[in-house]
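The values are calculated or read from the model by the stated rules, or taken from the named source; none is laboratory data. In this text the structure is predicted, and so the values were computed from the model without any measurement. Because the Cβ atoms are built from the backbone with ideal geometry, glycine has one as well, and the counts that use them run over all protein chains shown. All accessible areas refer to the heavy atoms of the entire protein, side chains included, with ligands and DNA or RNA removed. Shrake-Rupley method; radii C 1.70, N 1.55, O 1.52, S 1.80 Å.
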Amino acid sequence: AAPTGSLAAREAQTTPSNTVEYDCEGLRITLAVEGEGEDARARFVVDGATLELPASETAQGDRFADVDGNAFWRHGGDEARLRLRDQHERNCTRVY
């Protein structure tokens, strides 16, 4: 069956409310954070691979990192940093 309703209504049904989009120096990611505190996890797709990073201690903001060297750190309202294994750290800006 063909989709009905407005595009915005259809997208609202398929995009979880806990997702935020970021542009990380040309690399676009949609980040979903689940859970709270030390049980929180960040999930996003990069180059077709899904990364799921557990919460990591930080003095400021929300940081998620794994043992492979991947990390995502949100600080401030719309700014973040992304480090993927064997790549340089990227500055990220929230996309509205």
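A42 satisfies every condition listed in (1) open to solvent by 40 Å² or more (accessible area, probe 1.4 Å); (2) in a strand (DSSP E or B) except (1). On the stretch given as the stretch 19-40, residues that are in contact with a Phe, Trp or Tyr (Cβ under 7 Å, 6 or more places away or on another chain) and over 18 Å from Y96 (Cβ atoms) total 0. May I ask you to list the residues in the stretch 66-91 that are assigned to a strand (DSSP E or B) and either surrounded by 14 or more Cβ atoms within 10 Å (Cβ to Cβ) or out of contact with any strand residue (DSSP E or B) (no Cβ under 7 Å at 6 or more places or on another chain) (or both)? Within the stretch 66-91, A71, F72, W73, R74, H75, E79, A80, R81, L82, R83, R90 qualify. Among the criteria (1) free of Cβ contacts under 8 Å to residues at least 40 places away in the same chain; (2) open to solvent by 50 Å² or more (accessible area, probe 1.4 Å), the one A32 does not fulfil is (2). Here is a check on your reading of the model: is A49 surrounded by 16 or more Cβ atoms within 10 Å (Cβ to Cβ), under 17 Å from R85 (Cα atoms) and among the aliphatic types (A, V, I, L, M)? Criteria not met by A49.
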